[in-house]
Amino acid sequence: MAKDIDWGSLAFGYIKTDKRYVSNFKNGEWDEGTLTEDNTVVLNECAGVLQYAQTCFEGLKAYTTEQGKVVVFRPDLNAQRLADSARRLECPVFPEDRFVDAVVKTVEANLEFVPPYGSGATLYLRPYLFGSSEVIGVKPATEYQFRLFATPVGPYFKGGVRPLTLRISDLDRAAPNGTGHVKAGLNYAMSLYNIVDAHNQGYDENLYVDAKTRKMIEETGGANIIFITKDNKVVTPKSDTILPSITRRSLMYVAKEYLGLEVEERDVMVSELGDFAEAGLCGTAAVISPVGKIVDHGEEICIPSGMEGMGPITQKLYDTLTGIQMGRIEAPEGWIKIIK
Ligand code: PLP
Ligand code: COI
């Protein structure tokens, strides 16, 4: 029985669900892990996560399909990326097969919170890993906790799917040879000032450029970006300081293999933004959110697809990806993990 929740009016927020998964790392090994009803974490005042932000996380979603099954999308890739993030932050890797098992167990334990097919909502899963033992000198903790909770969510951007206005940011999110390519909590902590400022100035998001030359487009604070050229090519920035979005990698495959479009991963210059026909942000939370306008220090770059809706290619990409996720379109082998 689904919970009595008004699924259609959910925002992207936290709702306490029944069970979450916890495993602790101590004396060099992970314990067997368990589901718990306790949604609080009690830590030493000097825990590594509290002092030096030793934490990384993931985000993925469970969907109810047209056939009434409950599925998750490519959890193996989130497991891999959390392992990459952990290595970069000197955290122990949570084994990838155990990550997928934790996803399955947590969704199974919260089936009543999986929004129904067609409601526009999904069950967001947030796996994360942090240093739980005390550190006062700058060094890694010796004990860690992996947790995974679920929360039903609606659209990430207020107002649902609508064209967004971005501003080119003067602050950076990632340095060359830094941590932009992993999902470290610190990348988001340092973006908070900038996102609050962007919202206060009437923008939906910051569009970051490369920190070295400031000439190339990278991504936003919480999503990768794709562009459609006037001759229908799908273009996305190639950079080793952006997060390797699973949504973006999936979309590039869908564009090529399902829609027969040409795809390009390459440098995207700020100076060519005016040449594109469509643009969109992509990510687990963002899905594909169309971009209508990019403001570069007062200069307004209006994307021809406009401020009313999605451009036609963006719409096709959106329909195909969400069709695969919701069981309307056959998925490539290994993309869908069936829970029930
Ligand atoms: N880029 C950033 C900075 C993000 O936080 C996210 C969200 O996870 C993404 C891109 C999109 O990645 P994914 O498609 O794997 O969710
Ligand atoms: C996600 O898309 O899962 C993310 O982690 C983005 C986050 C900024 C909400």
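Specify the residue that is nearest to ligand 2 (Cβ to nearest atom); the eligible residues are those in segment 211-241 that are of a type in the set (Val, Ile, Thr) and open to solvent by 10 Å² or more (accessible area, probe 1.4 Å). Residue satisfying both the conditions and the ranking: 241. Condition check: at pLDDT 95 or above, crowded, with 16+ Cβ neighbours inside 10 Å and assigned by TED's automatic domain parsing to the domain that holds residue 307. Does residue 204 satisfy that? Yes: the conditions hold for residue 204. Out of curiosity, is residue 176 more than 28 Å from residue 42 (Cβ to Cβ), open to solvent by less than 20 Å² (accessible area, probe 1.4 Å) and in contact (Cβ under 8 Å) with a residue 60 or more places away in the chain? So residue 176 fails the test. Pairs are defined by a Cβ separation below 7 Å, a sequence spacing of at least 6 or placement on different chains, a first member in segment 244-267 that is within 16 Å of residue 322 (Cβ to Cβ), and a second member that is more than 16 Å from ligand 2 (Cβ to nearest atom) and assigned to a helix (DSSP H, G or I); the pairs so defined are 251/317; 254/317; 254/320; 255/317; 258/320; 259/316; 259/320.
Listed here are the residues, each with its yes/no results for (1) on the phi < 0 side of the Ramachandran plot; (2) in contact (Cβ under 8 Å) with a residue 60 or more places away in the chain; (3) in a loop (DSSP other than H, G, I, E, B); (4) within 16 Å of ligand 2 (Cβ to nearest atom).
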site: 72; (1), (2), (3), (4): yes, yes, no, yes
site: 81; (1), (2), (3), (4): yes, yes, no, yes
site: 90; (1), (2), (3), (4): no, no, yes, no
site: 93; (1), (2), (3), (4): yes, no, yes, no
site: 103; (1), (2), (3), (4): yes, yes, no, yes
site: 118; (1), (2), (3), (4): no, no, yes, no
site: 124; (1), (2), (3), (4): yes, yes, no, yes
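Any residue that is within 23 Å of the chain's Cα centre (by Cα), open to solvent by less than 30 Å² (accessible area, probe 1.4 Å) and not assigned by TED's automatic domain parsing to the domain that holds residue 81 - is there at least one of those in segment 294-303? Yes, segment 294-303 contains at least one residue that is within 23 Å of the chain's Cα centre (by Cα), open to solvent by less than 30 Å² (accessible area, probe 1.4 Å) and not assigned by TED's automatic domain parsing to the domain that holds residue 81. Is it fair to say residue 306 is of a type outside the set (Val, Ile, Thr) and open to solvent by 10 Å² or more (accessible area, probe 1.4 Å)? Yes: the conditions hold for residue 306.
Among residues of segment 294-311 that are more than 19 Å from residue 198 (Cα to Cα) and among the hydroxyl-bearing types (Ser, Thr, Tyr), those with a Cβ under 7 angstrom from a residue that is open to solvent by less than 70 Å² (accessible area, probe 1.4 Å) and assigned to a loop (DSSP other than H, G, I, E, B), sequence gap 6+ or separate chain, pair up as 305/277; 305/311. Scan segment 286-293 and give yes if some residue there is aliphatic (A, V, I, L, M) and at positive phi, otherwise no. Checked against the condition, which is being aliphatic (A, V, I, L, M) and at positive phi, segment 286-293 yields at least one hit.
Picking from residues in segment 71-108 that are among the aliphatic types (A, V, I, L, M) and open to solvent by 10 Å² or more (accessible area, probe 1.4 Å), the one that is nearest to residue 17 (Cα to Cα) is 104.
The residue of segment 125-154 that is nearest to residue 84 (Cα to Cα), among those that are open to solvent by 10 Å² or more (accessible area, probe 1.4 Å) and under 18 Å from the mean Cα position of the chain (by Cα), is 128.
The values are calculated or read from the model by the stated rules, or taken from the named source; none is laboratory data. Predicted, not measured: the structure shown is a model, and the values here were computed from it. Because the Cβ atoms are built from the backbone with ideal geometry, glycine has one as well, and the counts that use them run over all protein chains shown. These area figures cover heavy atoms from the full protein model, side chains too; ligands, DNA and RNA do not enter into them. Shrake-Rupley method; radii C 1.70, N 1.55, O 1.52, S 1.80 Å.
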